[in-house]
Amino acid sequence: MAETRPYKKPLPRVDEESRGYWEALARHELYFQRCRDCGTARSYPRAVCPSCLSSATEWVRASGRGTVYTFTVTQQNQTAGFRDELPYVLAMVELEEGPRLVTNLVGCAPDDVRTGMPVEVAFEDVTGEIALPKFRPA
Ligand SMILES: [Zn+2]
């Protein structure tokens, strides 16, 4: 992406629950949370386990490898920042450690995307502090 123009898309809201996640992404490291009580892995970051409601949480560094769980190709979006990238792929990627995250696939033609396709994380630095975890074919 062009580094000279300002980023036009909405930026994530960094809060107490997600700060460590975003700080790690800025270092190009992808983490997810795992419940210390029941072992359920989760992404995005949140204070409480969606499975057992425990707040005992550990952070686990992801390998960055996963597969396309599902996806859609966006053909129309006139919102500033998005229209310049049409068509783009909105995907849910399942990390090899289990959690799934909503992301964009990059580095491949939308017609070439398939469910089950192996992908790897591709960090996109969008501001000095924020990097986004996108995925490309592995
Ligand atoms: Zn749990």
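Let's see how each residue does on (1) within 16 Å of the ligand (Cβ to nearest atom); (2) touching a residue at least 12 places away in the same chain (Cβ under 8 Å); (3) open to solvent by less than 30 Å² (accessible area, probe 1.4 Å):
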site: Gly39; (1), (2), (3): yes, no, no
site: Ala80; (1), (2), (3): no, yes, no
site: Ala91; (1), (2), (3): no, yes, yes
site: Val121; (1), (2), (3): no, yes, yes
site: Ala138; (1), (2), (3): no, yes, no
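Collect the residues in the stretch 70-91 that are among the aliphatic types (A, V, I, L, M) and closer than 19 Å to Pro10 by Cβ, keeping them in residue-number order.
So the first thing to find is which residues in the stretch 70-91 are among the aliphatic types (A, V, I, L, M), and the list is 73, 80, 86, 89-91.
Within the stretch 70-91, Ala80, Leu86, Val89, Leu90, Ala91 qualify.
Looking at (1) within 21 Å of Pro12 (Cα to Cα); (2) within 12 Å of the chain's Cα centre (by Cα); (3) of a type outside the set (Asp, Glu), which is the one condition that is false for Gln33?
(2)
Would you be able to say whether some residue in the stretch 45-55 is away from the ligand (no atom under 16 Å from the Cβ), of a type in the set (Ser, Thr, Tyr) and in a loop (DSSP other than H, G, I, E, B)? Reasoning before the result, please.
Going residue by residue through the stretch 45-55, those that are away from the ligand (no atom under 16 Å from the Cβ) are none.
No - not one qualifying residue is present in the stretch 45-55.
Residues are listed down the side, and each one gets a yes or a no for (1) closer than 30 Å to Asp112 by Cα; (2) at pLDDT 95 or above:
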position: Lys8; (1), (2): yes, no
position: Glu17; (1), (2): no, no
position: Ala47; (1), (2): no, no
position: Val60; (1), (2): no, yes
position: Glu94; (1), (2): yes, yes
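The values are calculated or read from the model by the stated rules, or taken from the named source; none is laboratory data. Remember, predicted model here, so these are calculated numbers, not experimental data. Quick reminder, even Gly has a Cβ in these numbers, built from the backbone with ideal geometry, and neighbours come from all protein chains shown. Surface accessibility is based on the protein's heavy atoms, side chains included, excluding ligands, DNA and RNA. Shrake-Rupley method; radii C 1.70, N 1.55, O 1.52, S 1.80 Å.
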